Amino acid sequence: MSKFFYNVAIAIPLRQAFTYHSNQQVVPGTRVAVKFGATNKLGIVIEAVSNTNIKTKPIHIVLDDLPVFSKTELKILKWASDYYLHPIGEVISSFLPTNLRQVKNTLETSVIDSSKKTLPKDLKFEKNLNTQQVKAVKFLNSLKGFMPTLLYGVTGSGKTEVYIRCISEHLLNNKSVLILAPEIALTPQLESRVKDQFGDLVGIYHSKMTPSARYKAWKNFRNGDLKVMIGTRSAVMMPAPKLGLIIIDEEHDASYKQQEGFKFSARDIAIKRAQILKIPIILGSATPSLRTLKLVEEKKFGIIKLTKRVTQKNPPKFSILDINELKLVSGLAPQAIEAISQTLKRKKQAMIFINRRGYAPQFICSYCEWRAMCNSCDSSLVFHHQAARLICHRCDSAFGIPSNCPSCSKPQLSFLGTGTEQLEDTLKEIFPDTSIYRMDRDSTKKVGSLENILSEIKNSETGILIGTQMLIKGHDFPNLELVVAVNVDQGITSLNSSAVEEMGQQLIQVAGRAGRLDGNSTVLVQSRYVNDQNLLQLKSGNYLNFASSLMQQRQITNQPPYSFEATIKASSPKAQTNIEMLTYAKKFIDSNKSMVIGPIPALQAKVRGSYHHYLVIQANKRTSLNTLLADLSDSLITDKNKISKKVRWSINVDPIEF
Ligand code: ADP
Ligand code: ZN
Ligand code: ZN
C-alpha cells in the first residue's frame, strides 16, 4: 500500500509543523487527529511532502471530508505565523470556531454552491448619495486587484452608505464580502443598516455570540449561504469561497489588535489576505492610524475623501479650557458647569466624556497616606459607590470598604479623583430636574441595557450624557450640543507614544457625536497643558492636521510608523528573574540592525501576582526586524541555558500597549 506524507500543524506552543503519514490522500486544510507524545491532538494538514527519511507516525483519523481552510487561506495563516512568530498550529486553531478546535465533531458540509442566494434584480437603496459619496463609490468600485484604499470620511459623512454600494456591486458579481468592525455591540447601526439592505445574505460573528451561533455563521459563510459577514477581529480569517472585497470599518481602532496569546492585528492580516487574494480592501475612518496615513503618503495605499457631513451642518468648534488655576467640582471646571447649564436651558443635550468608571480612582487615608491597592496587581483600587466595593480594574478582584484605615486605624478615609459614578451623583445634585444617562461598563452589564440607554437618549430632548469611550463610537445623538472632555491630560503626558494618537482620535470621534445642530455646538476640552502642540493642532477640528504634525514628530524621533517595533515580554513571580532573562536575551539581538531598550518594567508591572518586564526592539526595516525576531525566538527555544525557561516570555510585533 502506498503512503502519503503530510506536514501537520498541531495546536501546541511549537513553531514547526510535524510530518505524519496516511494511507489515503488528504487535502491540505483538512482537520485530522494525530498522536503527539501520549495524547491525541487536533492537527491541520498544511502541505503534502515527498518521501521522507524520518520515521513517521500515522494520521489517526481524518476528521472532515472537506478542508476547513483553502490552500490560499493556509498561505495567509502561514504568513501570520511567520510574521508574529507564533506557532502555526495555534494560529490556525485560533481562527476555528470552538467546536472545530476539538479532536471530534465533523464539519457539516453542504456542497459549496456560491450561487444559492442572489440579490434581487431590482435592488433599491434607501438614500440617494451626495456628490462626494457618488465619487467615492465610483472610485472604489473601479478598483481591480489588490489596492488598499483609505476611505477618509469625517464623522457623519456617510461612510456606511458608501460601503453598502460597494458591497452590492460585489454581490452582483457573485462575490462575498467580509466587513470587520471593532465592537459590534457598541456600533449596532452598521449591522442594522447592512441587514436592512441585504437581509438574509448577512451573517454576524463576534465573541458575545454562543459557540453554536458562531459555528453556524462560520459554516454558512464558508459554504456560500451567507454572502456578507460582519465580524470582529476573530472573523478576519473566516473562509469564504469567493471573497471579493474586505472592508475594515474604523481601521484605527485598537481593538483590532489582540493583546493576549496570539498577538495579531486583524487589520494587518486582512490587508495580507487581500494582497494574496488580489482583491480590493477598504479601510474606513474619520481618524485613520498614522500607519495607514504613512502608507498613503508613500502611495502604497490609495485614498478617497468624504470631507462634508451629510447634514451639511458645521462641525463642532473646539475650545480648550485651562484648568490650572480653577477649583474643580468632581473634575468639572465652573465654566464647564455653566456651559452645561446653558445647553440645558436651550433644551439640548450635553455630554461629559471621561475615561474612568467607578466613583473615584483612588481610596486613601488622609492621615497616614495609606492607599488601597490590589493584593495581586500594582494598581490602586477603584472606589465603586453603588457596588459598595473597592475594585481592581486590572484583575476584577473586589474588596469590602474598610471603615477605619487598615494601616493607622484612624477613620480618615476618603477618595481622590473622579469617575463616572461620582459625576452622575454630582450632576444630579446640581441639575436635579434633568435626566442623566450614564454609559460605562458597569451601567451596561445587563443584556439589552446598552440599547435601552441609547434609545432613551435618542428619544429625549434634553439631558446630560456621561460616558467612557463606549459612548464615542459611531452613535448619532441628534440633540447633542455640548461635549465636555475631562481627563485628556493622561494622553498628553503618557510615555506611551500611541497614547497621544489615541487621545486625538478620541477627541475627534467624541466631537463627531455632536454637531447635527445648526452651527453652535462645542467641544470643551479641559486641560492643564493648554500649550501642548498636539492639543493645539486638534483645535482646528481637522484630524489630518493633527496627524501630520504628529507624524513629523515621529519621523524626527524615528518612532513607528517610521521604524518597526516589537517587544519581548517576560513574566514571572519575581521581577529579578525577568530582568536576568531579558538581559540574557539581549545578547542574541543583532545590535547593528536594531536598537534595543530595556529591560524595563511594564506600565502595569505587577498583575495577578506576576511581574512583567520587557525589551523594546526597534529596526528601520521590517524585514530585518522579522529575521532578528525569528533568530531570537529560535535561540531562546533551543537554548541550553535554563534561564529562559524560568519565565513565561512572548514576542509582540507592532505592539500598542506596553
Ligand atoms: P459616518 O459613518 O461616516 O460617520 P454614517 O454612515 O453613520 O456616517 O452616516 C451618518 C448619517 O447620515 C446616518 O444617519 C446616515 O443614514 C445618513 N446618510 C448617509 N448618507 C446619506 C445620504 N446620501 N442622504 C441622506 N442621509 C444620509
Ligand atoms: Zn491611615
Ligand atoms: Zn488586581
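Nothing in this text is a laboratory measurement; each read-out follows from the coordinates by a stated rule. Since the structure is predicted, the reported quantities are computational estimates derived from the model, not experimental observations. Backbone-built Cβ (ideal geometry, glycine too); neighbour counts: all protein chains shown.
A few remarks follow.
- For the range 225-238, putting each phi into the Karplus relation 6.51 cos²θ - 1.76 cosθ + 1.60 with θ = phi - 60° gives couplings of 6, 9, 10, 10, 10, 10, x, 8, 3, 6, 8, 4, 10, 4 Hz, in residue order, rounded to whole numbers and with x for Gly and Pro.
- What you get for the range 525-581, charging only the Cβ of Lys and Arg (+1) and of Asp and Glu (-1), is a dipole of about 120 debye around the Cα centre.
- All Cα-Cα distances of the chain, cut into 20 Å bins from zero to the largest, leave 16, 48, 32, 4, 0 percent in each bin in turn.
- By the helix-only formula, in which each DSSP H run with n ≥ 4 contributes -39500 (n - 2.57) and the sum is divided by residues, the chain has a 222 nm mean residue ellipticity of -9000 deg cm²/dmol.
- Between the amide H of residue 389 and those of 384, distances stay under 5 Å, these residues lying 5 or more places away or on another chain, with hydrogens modeled in the peptide plane.
- Within a straight-line Cα-Cα reach of under 19 Å, residue 71 can be paired with the following lysines, leaving aside sequence neighbours fewer than 8 residues apart in one chain: 175, 219, 242, 272, 278.
- Distances between placed amide hydrogens fall under 5 Å for residue 321 paired with 525, 526, 527, all partners being 5 or more residues away or on another chain.
- Protection-proxy order for peptides 242-251, 433-442, 72-81, each taking the mean of Cβ atoms within 10 Å per residue, highest first: 242-251, 72-81, 433-442
- Using θ = phi - 60° and Karplus 6.51 cos²θ - 1.76 cosθ + 1.60, couplings along the range 643-654 (whole Hz; Gly, Pro as x): 4, 6, 7, 7, 10, 8, 10, 8, 9, 10, 8, 6
- Distance from the C-alpha centroid of the range 265-312 to that of the range 470-538: 23 Å, rounded to the whole angstrom.
- Per-residue Karplus couplings for the range 302-308, computed as 6.51 cos²θ - 1.76 cosθ + 1.60 with θ equal to phi - 60°, are listed in order as x, 9, 9, 10, 10, 9, 10 Hz, Gly and Pro entered as x.
- With the biggest extent put first, the Cα atoms of the range 538-604 measure 49, 30, 12 Å across the principal axes.
- Ranked packing of 472-483, 549-560, most packed first, by mean Cβ within 10 Å: 472-483, 549-560
- Neighbour-count order for 234, 397, fewest beta carbons within 10 angstrom listed first: 397, 234
- Whole-angstrom gap from the range 150-179 to the range 623-658, using each part's C-alpha centre: 40
- Per the chain, cysteines lacking a partner by the 4.7 Å Cβ criterion: 166, 395
- Neighbour counts of other Cβ atoms within 10 Å put 649, 218 in the fewest-to-most order 649, 218.
- By average C-beta atoms within 10 angstrom, highest first, the peptides 151-163, 25-37: 151-163, 25-37
- Order of 92, 453, 279 - criterion: other Cβ atoms within 10 Å of each residue's Cβ, fewest first: 453, 279, 92
- Scanning residues 5 or more positions from residue 302 or on other chains, those with amide H under 5 Å from its amide H are 149, 150, with H placed 1.01 Å from N in the peptide plane.
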